[in-house]
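Trainee: Here it is, the structure, as structure tokens.
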Amino acid sequence: MTPPVKSKIKSKVKTGAAATPGRMTFDDNGLVMELFGSHHQNLARIEQKLDVAINARGNELTITGDASAVTDTKKVLNGLYSSLENGKEITAEEVDAVLRMAIAPGGDVSDADLTIRTNKRHISPRTPVQADYLKAIDQAELVFGEGPAGTGKTYLAVAKAVERLISGSVDRIILSRPAVEAGEQLGFLPGDMRDKVDPYLRPLYDALHDMMPEGQVAKRMETGAIEVAPLAFMRGRTLSNAFVILDEAQNTTAVQMKMFLTRLGENSSMVITGDLSQVDLPHGTRSGLRDAMETLAGVKSIAFVRFTIADVVRHPLVARIVRAYGEVEARRKSGAQYEHLESAPPFVKSDDDD
């Protein structure tokens with residue numbers, strides 16, 4: 001008989017009457033190996049995040065921990081196993097995504113299977129709000145995605161655009177950004193018009209190349225099936241049979257935003273993304289994103305999705321950076337005084353670093 005194998009991560013679960021055992025059995029031994037991961041690394045990751053102990057014997061698991069944690073663990077494992085049955089590869093990022101879905105209020109692990117299929121990648125939501133965002137894009141003609149950097153607002157929108165272009169649901173993708181400098185004075189840029197505006201649009205090109213082979217991106221841009229252009233180029237146009245994205249929309253004026261929104265043509269969808277905490281407009285200029293979200297609240301066929309620090313899916317440090325800036329900004333608004341930097345405490349490892 002194969003002896004039980006336990007992950008190498010030492011569990012922090014408290015033993016005693018409060019501990020509740022749970023058992024699970026999986027049918028496909030091949031999928032079980034992928035589910036557990038190399039050297040049971042996936043089980044170790046779940047143990048660490050949910051504070052449970054998992055013992056594996058063949059295709060059977062025994063889970064020990066608080067009742068709620070055991071329940072969440074079962075949800076995570078069932079969700080991951082279902083993904084494997086559907087042909088999805090289980091990576092550390094996928095494990096983290098399903099964990100977020102399981103423990104978030106109102107989260108649903110099945111939302112992790114809202115997969116966007118592009119030529120190069122299959123992309124799934126990593127948080128419940130990302131799942132809501134994808135659902136909103138499928139259901140509404142105009143979607144506003146607002147929130148901090150690193151939450152996947154633009155990336156997921158571009159992925160949806162590529163998916164619809166490949167499926168033939170739209171004839172073209174139009175990606176736009178306002179050409180506003182992020183607190184810098186770049187001065188004169190040499191070259192033709194494309195050379196001058198491309199630096200502002202580089203993040204959109206990066207997202208496209210992450211989802212389509214480079215040759216296909218170039219070919220579709222030549223034929224006009226993909227267009228990346230600054231906001232100023234949109235005036236006077238009607239954007240029909242297209243998936244239209246306006247990125248960095250916090251840097252539009254109210255007039256520019258109204259102009260862009262009224263470009264929407266027949267059989268088109270539009271996604272507007274931005275972060276109202278990073279407005280680079282001249283002091284005193286009202287952001288077109290804020291103005292539009294307030295003006296259009298309650299209008300039929302328009303959805304608003306607000307991301308938070310909890311939805312940051314870049315490096316874990318990004319979430320802590322965003323949180324720190326948010327706290328400082330809140331203190332500034334409240335008029336609180338700041339201590340001198342020399343009085344700052346020495347480095348202390350955050351619990352989030354574990």
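Trainee: How large is the accessible surface of I137 in square angstrom, using a 1.4 angstrom probe and rounding to the nearest 10?
Mentor: Estimated to the nearest 10 Å², I137 gives 0 Å².
Trainee: Shifting gears a bit: Where does the stretch 89-178 land on Rg(C-alpha)/(2.2 N^0.38 Å)?
Mentor: This ratio for the stretch 89-178 stands at 1.11.
Trainee: Express in nm, to one decimal, how much length is gained between Q278 and Q41 on full extension, taking 0.36 nm for each residue of separation and deducting their alpha carbon distance.
Mentor: Computed gain between Q278 and Q41 is 81.5 nm.
Trainee: Separate question: Got a sec to turn the phi values of the stretch 150-156 into Karplus ³J(HN,Hα) couplings, 6.51 cos²θ - 1.76 cosθ + 1.60 with θ = phi - 60°, whole Hz, x for Gly and Pro?
Mentor: x, 9, x, 4, 6, 4, 5
Trainee: Expressed as a whole number of Å, what is the distance separating the alpha-carbon centroids of the stretch 154-175 and the stretch 26-98?
Mentor: After rounding, the separation between the Cα centres reads 33 Å.
Trainee: Here's a follow-up. For the stretch 219-225, take each phi angle, set θ = phi - 60°, evaluate the Karplus expression 6.51 cos²θ - 1.76 cosθ + 1.60, and give the result in whole Hz per residue in order, putting x for glycine and proline.
Mentor: 5, 5, 6, 5, 7, x, 5
Trainee: Per residue of the stretch 171-178, what does 6.51 cos²θ - 1.76 cosθ + 1.60 with θ = phi - 60° give for ³J(HN,Hα)? Whole Hz please, x for Gly and Pro, Karplus curve as stated.
Mentor: Those phi angles translate into 8, 7, 10, 10, 10, 9, 8, x Hz.
Trainee: Shifting gears a bit: List the GluC sites (Glu not before Pro) within the stretch 218-309 that DSSP assigns to loop and that have no more than 11 neighbouring Cβ atoms inside 10 Å.
Mentor: Sparse-neighbourhood loop GluC sites (Glu not before Pro): E266.
Trainee: Here's a follow-up. Rounded, prolate or oblate: pick one for the stretch 199-326, where a ≥ b ≥ c are the square roots of the eigenvalues of its C-alpha gyration tensor, a/c under 1.5 means rounded, and failing that, prolate if a/b is larger than b/c, else oblate.
Mentor: Since a/c reaches 1.5 but b/c is at least a/b, the shape of the stretch 199-326 is classed as oblate.
Trainee: Using just the Cα positions, wrap the stretch 36-118 in a convex hull and report its mean projected area in square nanometres, one decimal place.
Mentor: Mean projected area for the stretch 36-118: 5.6 nm², to one decimal.
Trainee: Could you please state how large a percent of the accessible area of the stretch 228-279 is carbon and sulfur, counting protein chains only and using a 1.4 Å probe?
Mentor: 48
Trainee: Roughly speaking, to the nearest percent, how much of the stretch 68-132's 1.4 Å accessible area is carbon and sulfur? Mind showing how you got there, number by number?
Mentor: Working: 1230 of 2780 Å².
That share works out to 44 percent.
Trainee: Near the amide H of M270, under 5 Å away, which other amide H atoms are found, from residues 5 or more places off or on another chain, if H is placed in the peptide plane?
Mentor: So M270 has HN proximity to L142, V143, V244.
Trainee: In the structure shown, do any of K135/K300; K88/K219; K49/K333; K120/K153 have a Cα-Cα gap over 27 Å, and if so which?
Mentor: With Cα atoms farther than 27 Å apart: K88/K219; K49/K333.
The values are calculated or read from the model by the stated rules, or taken from the named source; none is laboratory data. If you're wondering where the values come from, they're calculated on a predicted model, not measured in any experiment. Positions of Cβ are backbone-derived with ideal geometry, glycine not excepted, and every protein chain shown enters the neighbour counts. With ligands, DNA and RNA removed, areas are computed over all heavy atoms of the protein, side chains included. Shrake-Rupley method; radii C 1.70, N 1.55, O 1.52, S 1.80 Å.
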